[in-house]
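The values are calculated or read from the model by the stated rules, or taken from the named source; none is laboratory data. Because the structure is a prediction, the values reported are computed rather than measured. Glycine also receives a Cβ, built like all others from the backbone with ideal geometry; neighbour counts cover every protein chain displayed. We work out accessible area using only protein heavy atoms, side chains counted, and drop any ligands, DNA or RNA first. Shrake-Rupley method; radii C 1.70, N 1.55, O 1.52, S 1.80 Å.
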Amino acid sequence: MNKNNVKEYNDNRGHIGLEYGRDAQLYFMGHKIASLAQSFGTPLYVYSADLIRSSLASLKTALGDRPHLICYSVKANSNLSIIKLMRELGCGADIVSGGELYRCLQSRLSADGIVFSGVGKSGLEIKEALEAGILLFSVESEAELMLISQIADGLGTRAKVSLRVNPSVEADTHPYISTGREHDKFGISHTKIIDLFKKASHWKGIQICGLACHIGSQILDVSAFGNASKVLASIGMQLERLGFLWEYLSLGGGLGIDYGDGKEPSVNDYVRSILNEVPLKSTKIILEPGRFLLGNAGILISQVILQKSNGGKKFYVVDAGMNDLLRPALYKSKHKILSHCILSESQRQNTSPADLVGPVCESGDFFAQNYHLPRLNAGDYVVICSTGAYGFSMSSNYNSRCRGAELLIDGNFSYLIRRREKYEDLVRLELEYSEER
Ligand code: LLP
């Protein structure tokens, strides 16, 4: 085994919101991990309202008095209570489906703060969004623009739309979550926007009043946002000469977070890189953060089931699987792993490379590979850090596994915001075929 590939385990320093107490136990925002696990069972997602609030506050401070709207990207974590918290904090929402619209309305988030993105909105979804009275459609193709115009006209209304530009910029991130390159499926090529505006600006069912883009996710080098902003600003200026009333400019989401390696862009640099390029002070800036607000505000607690070795390699099998947290399997993403209690000096010396894996029947079911883990015992808890975004929202029942609960902690309080699934939940929607024809 190449020693250089072995990552250091558990420096006893914790991670954002996670600290070891004097009693050598790990705490998340003042709540003892072992107690949470014992009260609510594992696997267990836990989110902190305070950490969400402080990330949002830092973004709003950076935006200062510039007119803006923060549209929380619901796909990052779509639990009704999380959307409700966002509503209470004054956010709108970025949605990509009728289901997300439904969730927002259920959470009483006002439709006039909702932006609808996505390359394949169905006619029904467009109709539902128009009837709800959303703020803006972020339109990704000429065909979609035409469809929205027809549907809105048929309903006797006019849809406000922004054109989502594909600015053809590179963002240094995983290819699966890079969305602003020339050959990605997203947006309308920056070379075609002017012609499309000339063609469509008089269509009856639409009012083109914004430009948008989203160049990818987990972006650490903020210059990519500046590059995209520059492309949009230049298009916006040209469109203004054609009568475009530039009300909204959305730069999407994408701001990266610290997954435990200390790499984290500054929020101020991020906002500055965008605003520096936008000439009009009256244009309302829309940002659609998901990961930035939720990623480090959430953790996944899991319990060690057993330890085994194969071919000289050590595995710790835990009770969470790739069905609970898909990111490592899908993107080979790295999440910091912490044990529920502090390690003694001798335990820390006594570490060996091991994989932390789930029980799912796939070799891709891992949370950490070749990780320098200490001796863990069956029954110990581990915390998989930075899992508040794209954790539960990407989970499934694969292998007919019941998903664990979700918990929101706020100061001393903890709220169960999704109960643990039962076997009945797995088959609730299934119907038995009948041999009688
Ligand atoms: N706006 C639009 C139009 C988007 O497509 C996305 C994310 C966002 C905003 C929010 O981006 P964020 O601020 O969270 O980076 N499942 C992947 C991430 C997929 C992101 C898809 N679009 C992951 O786990 O890394």
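Quick notes on this one:
- Any hit, the range 298-316, residues being among the hydrophobic types (A, V, I, L, M, F, W, C), crowded, with 18+ Cβ neighbours inside 10 Å, within 27 Å of A49 (Cα to Cα) and without any contact (Cβ under 8 Å) to a residue 60 or more places away in the chain: no
- In the range 210-228, residue most open to solvent (accessible area, probe 1.4 Å) [restricted to those that are polar (S, T, N, Q) and more than 13 Å from the ligand (Cβ to nearest atom)]: N227
- Those residues of the range 88-106 which are within 18 Å of I126 (Cβ to Cβ) and of a type in the set (A, V, I, L, M), in sequence order: A93, I95, V96, L101, L105
- Checked against the criterion of being open to solvent by less than 30 Å² (accessible area, probe 1.4 Å) and more than 15 Å from the chain's Cα centre (by Cα), the range 286-297 contains one or more residues that satisfy it.
- Verdict on H190 being over 28 Å from G295 (Cα atoms), free of Cβ contacts under 8 Å to residues at least 24 places away in the same chain and open to solvent by 10 Å² or more (accessible area, probe 1.4 Å): no
- Single match in L105, L130, L124, L80 (criterion: touching a residue at least 24 places away in the same chain (Cβ under 8 Å), touching a Ser or Thr at 6+ places or on another chain (Cβ under 7 Å) and over 29 Å from V271 (Cα atoms)): L130
- Considered as a group, the residues in the range 171-209 that are farther than 23 Å from V267 by Cβ and within 16 Å of the ligand (Cβ to nearest atom) include one that is modelled with the highest pLDDT, and that residue is I188.
- When the test is whether a residue is farther than 18 Å from I286 by Cβ, buried (at least 20 other Cβ atoms within 10 Å of the Cβ), in contact with a Lys or Arg (Cβ under 7 Å, 6 or more places away or on another chain) and in the same structural domain as N227 (by TED's automatic domain parsing), A171 does not pass it.
- Of all the residues in the range 205-246, those that are in contact (Cβ under 8 Å) with a residue 40 or more places away in the chain and either of a type in the set (V, I, T) or part of a loop (DSSP other than H, G, I, E, B) (or both) number 17.
- If the condition is being in contact with a helix residue (DSSP H, G or I) (Cβ under 8 Å, 6 or more places away or on another chain) and among the hydroxyl-bearing types (S, T, Y), then the range 205-238 contributes S217, S223, S229.
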